[in-house]
Amino acid sequence: MFGIGTTELLVILVVALLVLGPKKLPEIARSLGKTLAEFKRVSTDVKRTIDLEVEEEEEKERSKKLKQKMEHKSRQEKKPPAEDSGSAQEQEESTVKADSGASAPEAETQERKTQDRNVQQQEKKG
């Protein structure tokens, strides 16, 4: 318990008995026990609530990633494959360069998509 041995605990109880008296000691011990039980109950509830919130956030992230992945696949299935990978690559690069108003993350996303498409086209040819 808090690094207190049995001897120290016994000394504390004897001092409490002398200071508080035999009539008050049981009442104080009872109220202290109730307070500690309530504290434990509240801390367990807080921990459970935090765990649930973390779990919900993780589930949202997983569903968001899955949704993005599915959208990406559906977009790939809708687009017909380009016959000439060089011209498709040039088109994608010109599209990315022409869209200079796009923010950095959007440009990176477009660039990654272009790279993914190029890799897929090379795999089909090989």
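Couple of notes before you dig in:
- Cross-link table LYS79/LYS125; LYS65/LYS124; LYS73/LYS124, entries beyond 23 Å C-alpha to C-alpha: LYS65/LYS124
- Selection from VAL14, GLY3, SER63, by position along the positive dipole direction of the stretch 1-71 (Cβ): VAL14
- Here LEU10 and LEU32 are evaluated by their C-beta separation; at R0 = 22 Å the FRET efficiency comes out at 0.80.
Rule-based calculations on the coordinates, nothing more; no lab input. The model shown is predicted, which means the values in this text are computed figures rather than measured ones. So basically every Cβ, Gly included, is an ideal-geometry build from the backbone, and we count neighbours across all protein chains shown.
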